[in-house]
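So the structure is just underneath, and the comments pick up after that.
The values are calculated or read from the model by the stated rules, or taken from the named source; none is laboratory data. Keep in mind it's a predicted model, so treat the numbers as computed, not measured. Here the Cβ positions follow ideal geometry from the backbone for every residue, glycine too, while neighbour counts run over all protein chains shown. Calculation scope for accessible area: heavy atoms of the full protein, side chains included, ligands and nucleic acids excluded. Shrake-Rupley method; radii C 1.70, N 1.55, O 1.52, S 1.80 Å.
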Amino acid sequence: MAISFCHVSHFPFTAKPSLPLKSSRSPFFAASSSSSIMELHNQGRSRFLEFPFVSVPQRELMVDLLSAVENRLGSQLLPCTLPPDVQYCRNQSGNAQAAFHIRSANQNSPVDFILGSWLHCKLPTGAALNITSLSAYLNLSTDAPNFLIELIQSSPTSLVLIIDLPPRKDLVLYPDYLQTFYENSQLEAHRQTLQKLKEVQPYVTSSLYLRSFLSPTAIMILVETEAGESGRMEEIIKDQVGPVAKAVFGVWLDKCACGGREVEEEEKAYLKKRDELVKKKIIEIDLASNFPRMFGPELADRILGAIQKIYNV
């Protein structure tokens, strides 16, 4: 879903209020509105951070990543104001559940928005599909890469892991971009660290678009442990995947979100077009094709509509 990832509700009046305290400009109204927004944000955040269907090491990793972005960029991020039935949703039969946590940023931030999600879906085979993800998108004030992590688990002994800083420029046309964000930051070393594990093999997605979307240093691996060795999978997530994910995310925070890299005005049109095409394609491939059959058309439309507003597509 990360290949996932806030609007503020307004309260119009149909008639002029008779008392000044009921004016939408009054301190009382503003405080009440702000309190409601924060309550909505806190409830959704708590539900999102439960990650109820994954192992403890995986839950701790996702919580640590979200905490890192909040600690570093928290003053720039606005509360999540997704509707409650989008922040947490489930289908009628209860065999598909999901939670979304999206925070846009203020106008002075290079961040566009942060999107976290988890999805649980029971499969016809009796197994369950669990996906946890965190994406971070930057805006047109910088051309630095975005961030993506996704953990896709279809059994306790099988895990697909994707970690990347997806580029926002053509690496052939801009070799300095390749050097700045991918060579000098030693991202390849992190990929090779995981690749050397005996339980790991390369993962090749069937989506050609996704392959073209990711960077040359993208981590795309399949981790498989022996049947009955779910404990080994938890060990790999805690001792190997976790440190690598945090290191890559640290690179993104330092060099991309807080790197101070600016975009020339004449480059913004290209960057805007590219960003919009990527977001639109992500929704088409990953969300619009799967959510209707998981959640039904009505709920899927509400979820997609809310996400499209954030993606601005």
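Inspect segment 184-201 for any residue being open to solvent by less than 10 Å² (accessible area, probe 1.4 Å) and within 26 Å of GLU265 (Cα to Cα) and give the result as yes or no.
Filtering segment 184-201 down to residues open to solvent by less than 10 Å² (accessible area, probe 1.4 Å) leaves 187, 194.
This time we only want the ones that are within 26 Å of GLU265 (Cα to Cα), so: none.
There is no residue in segment 184-201 that is open to solvent by less than 10 Å² (accessible area, probe 1.4 Å) and within 26 Å of GLU265 (Cα to Cα).
Is there any pair linking a residue in segment 168-187 that is under 15 Å from SER212 (Cα atoms) to one that is among the hydroxyl-bearing types (Ser, Thr, Tyr), with Cβ under 7 Å and at least six apart or on different chains, and which?
These pairs meet every condition: LYS169/TYR177; LEU171/TYR177.
Just to verify a result, which residue in segment 133-171, among those that are among the hydroxyl-bearing types (Ser, Thr, Tyr) and not in a loop (DSSP other than H, G, I, E, B), is surrounded by the fewest Cβ atoms within 10 Å (Cβ to Cβ)?
As a first pass, look at segment 133-171 and keep what is among the hydroxyl-bearing types (Ser, Thr, Tyr): 133, 135, 137, 141-142, 154-155, 157-158.
If we keep only those that are not in a loop (DSSP other than H, G, I, E, B) too, we end up with 133, 135, 137, 154-155, 158.
Values: SER133: 22, SER135: 22, TYR137: 23, SER154: 16, SER155: 17, SER158: 14.
Applying the filter and picking the extreme gives SER158.
Kindly indicate whether SER18 is modelled with pLDDT of 80 or more, farther than 20 Å from THR81 by Cβ and of a type in the set (S, T, N, Q).
Working: modelled with pLDDT of 80 or more: no; farther than 20 Å from THR81 by Cβ: yes; of a type in the set (S, T, N, Q): yes.
The answer is no for SER18.
Considering each residue of segment 73-132, count those that are under 21 Å from CYS256 (Cβ atoms), in a loop (DSSP other than H, G, I, E, B) and open to solvent by 20 Å² or more (accessible area, probe 1.4 Å), and give that number.
5
For ASN290, all conditions in the list (1) under 27 Å from ASN184 (Cα atoms); (2) open to solvent by less than 50 Å² (accessible area, probe 1.4 Å) hold save one; what is the number of the exception?
Only one criterion in (1) under 27 Å from ASN184 (Cα atoms); (2) open to solvent by less than 50 Å² (accessible area, probe 1.4 Å) is unmet by ASN290, namely (1).
Considering every residue within segment 189-201, establish whether at least one is of a type outside the set (Lys, Arg), touching a Ser or Thr at 6+ places or on another chain (Cβ under 9 Å) and over 20 Å from VAL248 (Cβ atoms).
no
Could you list, in sequence order, the residues of segment 206-233 that are assigned to a helix (DSSP H, G or I) and crowded, with 17+ Cβ neighbours inside 10 Å?
Of all residues in segment 206-233, those assigned to a helix (DSSP H, G or I) come to 208-213, 230-233.
Those that are assigned to a helix (DSSP H, G or I) and crowded, with 17+ Cβ neighbours inside 10 Å: LEU210, PHE213, MET233.
Kindly check whether there is at least one residue in segment 188-200 that is of a type in the set (Lys, Arg), in a loop (DSSP other than H, G, I, E, B) and closer than 25 Å to GLU276 by Cβ. Please lay out each step first, then the result.
Step one: of segment 188-200, the residues of a type in the set (Lys, Arg) are 191, 196, 198.
Now narrow it down to the ones that are in a loop (DSSP other than H, G, I, E, B): 196, 198.
Checking which are closer than 25 Å to GLU276 by Cβ leaves us with none.
Taking every residue of segment 188-200 in turn, none turns out to be of a type in the set (Lys, Arg), in a loop (DSSP other than H, G, I, E, B) and closer than 25 Å to GLU276 by Cβ.
Under the condition of being of a type in the set (Lys, Arg) and farther than 15 Å from ARG191 by Cβ, which residue from segment 244-268 is most open to solvent (accessible area, probe 1.4 Å)?
Just the residues of segment 244-268 that are of a type in the set (Lys, Arg), to begin with: 246, 255, 261, 268.
From what's left, farther than 15 Å from ARG191 by Cβ: 255, 261, 268.
Values: LYS255: 83, ARG261: 66, LYS268: 60 Å².
Filtering first and then ranking leaves LYS255.
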